[in-house]
Amino acid sequence: MSLDQTMFIPVLAESLQTTSSPTPLQFFGILLGLLGLFFFVGTAVGMIRFPDFYTRMHAAGKGDTLSTMLMLSGFGLVSMEDLSMGSWLLFFKIMGVVLFIFITCPTSSHALMRAAFEDDEMPMTEKDLKKPSAKKK
Amino acid sequence: MFEDGTIINELLIERLNYLIYVVLLLIGLHAMIAKKNLIKKLIGMSIFQTAIILFYVSIGVKEGSTIPVYLPEHDLHGSHSVPSDTNETSHFEHGPFIVDSSLVRGYANPLPHVLMLTAIVVGVATLGLALALCLRIYQGYGTIEEDEVLAKIERQEMLSKPSIVVKSVDSSKTTNSKAEKPPSKPKVSSSSPSTKRPQAIPKTKAKAASTSAKAKTSRAKSVSPKAKPAASKSTTTGSKKSPAKSKTAASKPTTKAKPKPKVKSKAKPAVRTKSSSPAKKATASKPKPRTPKK
Amino acid sequence: MGKFFSFGVAPNEKCLFLCNLIFLFTLYLLVVFILLFLNWIVLSGKFDAFHLGLGVVSCVVVTWLSQDLLFYDRKMGFVERTRQVFAFLRYIPWIIWEVVKANLHVLKLATTSKGYEEISPRVVTFKTILKTDFAKFVLANSITLTPGTITMLIRGKVFHVHTMSQFLEDDLLTGSIEKKVAEVFEPDVLP
Amino acid sequence: MKLLSFIPVLVVGVLLLYAAKDFPEWGSLDAPASKSPVSSHFIANTGVDTEVPNMVTAVLADYRGFDTMFETVVVFIAGMAVLAILKNSGRKKLVKREFEVDAEPDLIVTNTVRLLVPVIQIFAFYVLAHGHVSPGGGFQGGVLMGASFILVALSWDLETALIRFPFNWTTILGGLGVFLYAGIGLLSMFLGGEFLDYSELANIFTVSREMARYHAMLGVEIGVGLTVTAIMFSLYANLSTEGRHQRGL
């Protein structure tokens, strides 16, 4: 495709150009994003390896919260090329998303746990331990 | 392998969007044709719709273009907030300009987006309507399996066709007609004890059928709680229903015109009021017609 | 509501109390409006009269529609409320550190075989000392975010918590999280 | 039967793939859809005609306003049809269905929803009001607004949501939205233009003809948003309770 316009550089290419020499803030943002990815690995492996639904929810609920928050705030930092009004507003918007992820993620994992519990899915326990599951319904 | 002109290149590289839309469309089409469950048909319809939407949106793409919102340099009037400051004269100084043809290529085609935006909303509306119809069908027939619904409609039509003639006949007359019938009929329905006799057999059959149906249905959760009271109901109301059915079945070989429908019209309200458990009736009624034939 | 508006028979203190209540109610309305408007400004990013006017109108509509969802306890004074806000701001860094620890814990359990041996899931039941719903909500979500525990069910004051191991259960039953939450929201229930 | 149904499916698939060979390439600038004078006219002239930066909104509410009006009517009629189908159709007695969990509203979920719902609603208004300058508009904002009420209904129960948004309102607001849309069209007709020719409204509002179209589009979008909000909630309320509006899911 021969595009002779200079005005319309595709967005992806533009972002690649800027990240080739990131400012320290952007570098920190990229680092945060990579850290988030690292925690996502823990979530994914836990989802596969843990024995039953409840323990899997541990992996899913916690890994989701932190890694999504990290990746989003990393994205917020990356998008702050200049400290103008627009980029600050974008940063605040992303921080709002982070805040609501922080509130809703534990709630959703709780709701799933409760739904499973009320559906008589028994939590897995180890029988030889002294305290069996204190299930009261 | 991926040179120009080969079919792989054409379908997988240059026209991958059409391949995806065709595959999605076929999935939806197959679901709409082959599935018996009405909800699954609706899911198929949704997939079909999604395929069409994807097709349209992929048509609107231009390579290297942005979304169809003016970039700031093309939208020079910027603050169109204060209504008074953009009167006719000052408008041309800081207002927007006609985007020339070389720049037009930089924006994606807005028309497919508009069409699909409305199509999505109308799709939601039609999906809601279809779900409401499904719910109504479930209320009426107790099932959303297409073939079961069709079987029930067939049975109801068979029952209801002659009953139009006798609609005005009140209940006392129907009992009279019932009394008239026995001589013409075989002794099965001649008297009240004899009506109980065939009923005793179907009772057990109905129970067995209901239990088997319970085990069969995968959605046992929603059905099984209803099944217990329904089974008890069918045993209590079986005295009305089962003789009527045996008669209708018997009517087939010995074509008899009028007296039978009256009894059927009596049986019909029972069918309606017991609409909460029609599934059982269908299963229970099936074995009955066969026995008199034999 | 009827008895609140009986101005004639009400003694002086009652009238004062009533006036205070109405004042608080309008103040809460104002606070809700201001919070929503801040939200609007962050979303909109346009500071001309037209868009700000739209923002005011929509904030009024949302305040009218759902102001009773925010700030459930309207009798609480504003001094207490601001103290809670600042205490909660001090609470946030701790909980974020807990989230990080929780993720490391999950990572350890998931990836290492020694960690996998540690898993012995169980359900712990304990009774909380907190009273208000919002404090219980914060406690439940904090428990969910701390390592190895997820709140499963709340019935009245009884919490059912799913934990991953014995160690975590003991940690939970000491009530350290509860104390931290109580410091923020209900200092009076602490001994 | 299932194998039999494969035959028409495969035939259709082969025909479609055969036809796909003649379609333009992906992202081609010379595709008929992109080269058509209509769409390039929209791209080129939207800014001059209406001063709206978002072409999609301009095409939706102005150039193709007649179409969108009847889309709104379709949504309204669908809501009314669902109401007509399901109203009083269920069992009159409140038989407790098995999937109705008879539990009190969850404390954690309700407290989260308390925090979320006002923000969702303000976001819905933002999407509605900023449909001119960024992706958004009446349909999207209306769906978000309806979703906020559905969220209330899901986390408490339907009766709580019906206190906040009474069921009569859905019919009234749905009709009001269509009425607002058609009213703006009729008003511009009475002022001497054609139906839905917003630029005639400039005589009343003392703004330029372009800004009149800009503001009339906002009014139209508000009408669409009202209808979609009302009908989304109405659909949920009817479908979840079989038209009884009592003790929903």
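Run the accessible area of segment A:23-117 with a 1.4 Å probe and give the carbon-and-sulfur part as a rounded percent. Mind showing how you got there, number by number?
Numbers: 3500 of 4200 Å².
That fraction is 83 percent.
Considering lysine pairs in segment C:91-189 that are 8 or more places apart or on different chains, how many have Cα atoms under 22 Å apart? Qualifying lysine pairs in segment C:91-189: 15.
Which order do you get for D:Met69, B:Met158, B:Met45 if you rank them by accessible area with a 1.4 Å probe, largest at the top?
On the way: D:Met69 20, B:Met158 100, B:Met45 60 Å².
The most accessible residue leads, giving B:Met158, B:Met45, D:Met69.
Label chain C by shape, choosing from rounded, prolate and oblate, from the square roots a ≥ b ≥ c of the eigenvalues of the Cα gyration tensor; if a/c is under 1.5 it is rounded, and otherwise prolate applies when a/b is larger than b/c, oblate when it is not.
Working: a/c = 3.10, a/b = 1.64, b/c = 1.90.
Verdict is oblate for chain C.
Across chain C, the relative contact order, built from alpha-carbon pairs under 8 Å that are at least six residues apart, equals 17 percent.
Which semi-axes, in whole Å and largest first, does the equivalent ellipsoid of segment C:83-124 have when worked out from the alpha carbon gyration tensor as the square roots of 5 times its eigenvalues? Don't jump to the answer; show the numbers that get you there.
On the way: eigenvalues 192, 33, 4 Å².
Listed largest to smallest, the semi-axes of segment C:83-124 are 31, 13, 4 Å.
When nucleic acids and ligands are ignored and a 1.4 Å probe is applied, A:Asp119 ends up with an accessible area of around 100 Å².
What percent do you get for the relative contact order of segment C:91-189 when only Cα pairs under 8 Å and 6+ apart count? Intermediate results must be reported in sequence, preceding the final value.
Values: 119 pairs, mean separation 31.7, N = 99.
It rounds to 32 percent for segment C:91-189.
Surface composition of chain D: carbon and sulfur atoms hold 69% of the protein heavy-atom accessible area at a 1.4 Å probe. Residues of segment B:7-35 with an amide N closer than 16 Å to a point placed 7 Å from the Cα of D:Val12 along the Cα-to-Cβ direction: B:19-35.
Counting only DSSP H runs of at least 4 residues, each contributing -39500 (n - 2.57), and dividing by the residue count of chain C, the helix-based mean residue ellipticity at 222 nm comes to -21500 deg cm²/dmol.
With solvent modelled as a 1.4 Å probe, how much accessible area in total do chains D and B shield from it at their shared surface, in Å² to the nearest 100? If you can, show how the numbers build up before the last one.
Values: alone 15000 and 19380 Å², together 28210 Å².
Counting both chains, the buried surface is close to 6200 Å².
For an R0 of 60 angstrom, estimate the FRET efficiency from the Cβ-Cβ distance between C:Leu30 and B:Glu154 and round to the nearest 0.05. Could you put the intermediate results ahead of the total?
Numbers: r = 67 Å, r/R0 = 1.12.
For C:Leu30 and B:Glu154, the calculated efficiency is 0.35.
Can you show me the helix-derived [θ] at 222 nm for chain D, built from DSSP H runs with n ≥ 4 at -39,500 (n - 2.57) apiece and divided by the number of residues, rounded to the nearest 500. That calculation yields -23000 deg cm²/dmol at 222 nm.
A 1.4 Å probe run over segment B:102-152, with the rest of the protein chains in place, finds 36 Å² accessible per residue. Between C:Tyr116 and C:Lys101, residue separation times 0.36 nm minus the direct Cα-Cα distance comes to 3.7 nm. Nonpolar atom fraction for segment C:91-189, defined as the carbon and sulfur part of the 1.4 Å probe accessible area, stands at 62 percent.
Which of the DSSP-defined H helices in chain D satisfy a minimum axial length of 30 Å, computed from C-alpha atoms, and a minimum mean Kyte-Doolittle hydropathy of -0.5? Those that pass (Cα extent of 30 Å or more, hydropathy at least -0.5) are D:65-86, D:107-129, D:167-190, D:209-241.
Kirkwood's formula applied to the C-alpha pairs of segment A:23-117 gives a hydrodynamic radius of 14.3 angstrom.
Mind pulling the angle between the C-alpha long axis of helix C:49-66 and the longest principal axis of chain C? Nearest 10 degrees, somewhere in 0 to 90. It works out to around 70 degrees.
Taking square-rooted eigenvalues a ≥ b ≥ c of the alpha carbon gyration tensor, is chain D rounded, prolate or oblate, where a/c under 1.5 means rounded and, failing that, a/b exceeding b/c means prolate?
Details: a/c = 2.07, a/b = 1.27, b/c = 1.63.
The shape class here is oblate.
Think of a 1.4 Å ball rolled over the protein heavy atoms: segment C:91-189 then has 39 Å² of accessible area per residue. The D-C contact accounts for roughly 2600 square angstrom of buried accessible surface, both chains included, probe 1.4 angstrom.
If the chain between C:Lys157 and C:Lys75 were fully stretched, how many nm would it gain, using 0.36 nm times the residue separation less the Cα-Cα distance? Could you put the intermediate results ahead of the total?
Values: separation 82, 0.36 × 82 = 29.52 nm, distance 2.23 nm.
Gain in length upon complete extension: 27.3 nm.
For the residues C:Ile22, C:Ile129, C:Ile95, a GNM of chain C with alpha-carbon springs under 10 Å puts the largest fluctuation on C:Ile22.
What accessible area per residue, rounded to a whole number of Å², is obtained for segment C:8-69 using a probe radius of 1.4 Å? Please list the in-between numbers first.
Numbers: 3430 Å² over 62 residues.
For segment C:8-69, the solvent-accessible area averages 55 Å² per residue.
The trypsin sites (Lys or Arg not before Pro) found in segment C:132-167 that occupy coil by DSSP, while having at most 14 further C-beta atoms within 10 Å, are C:Lys157. Comparing D:Leu116, D:Leu144, D:Leu218 in a Gaussian network model of chain D, where Cα atoms under 10 Å apart are tied by springs, the biggest mean-square fluctuation is seen for D:Leu116.
When accessible surface is computed with a 1.4 Å probe, chains C and A are found to bury approximately 3800 Å² between them, both chains counted.
Compared with its chain on its own, segment D:184-226 contains the following residues whose accessible area drops by 40 Å² or more in the full protein assembly (probe 1.4 Å; ligands, DNA and RNA excluded): D:Ser208, D:Met211, D:Tyr214, D:His215. Approximating the spin labels as points 7 Å out from Cα along Cα→Cβ, the A:Phe92-to-D:Glu104 distance works out to 3.9 nm. Rounded to the nearest 0.05, the FRET efficiency derived from the C-beta distance between A:Met85 and C:Trp64 at R0 = 30 Å is 0.45. What the Cβ-Cβ distance of D:Leu176 and D:Ile85 gives, at R0 = 25 Å and to the nearest 0.05, is a FRET efficiency of 0.65. When nucleic acids and ligands are ignored and a 1.4 Å probe is applied, B:Ser46 ends up with an accessible area of around 30 Å².
Helix C:12-44 versus the longest principal axis of chain C: what is the Cα-based angle in degrees, 0 to 90, to the nearest 10? Orientation of helix C:12-44: about 70 degrees from the principal axis.
The values are calculated or read from the model by the stated rules, or taken from the named source; none is laboratory data. A quick note: this is a predicted structure, and the numbers were derived from the prediction, not measured. Don't worry about glycine lacking a Cβ; one is built from the backbone with ideal geometry, like all the others, and counts go over all protein chains shown. With ligands, DNA and RNA removed, areas are computed over all heavy atoms of the protein, side chains included. Shrake-Rupley method; radii C 1.70, N 1.55, O 1.52, S 1.80 Å.
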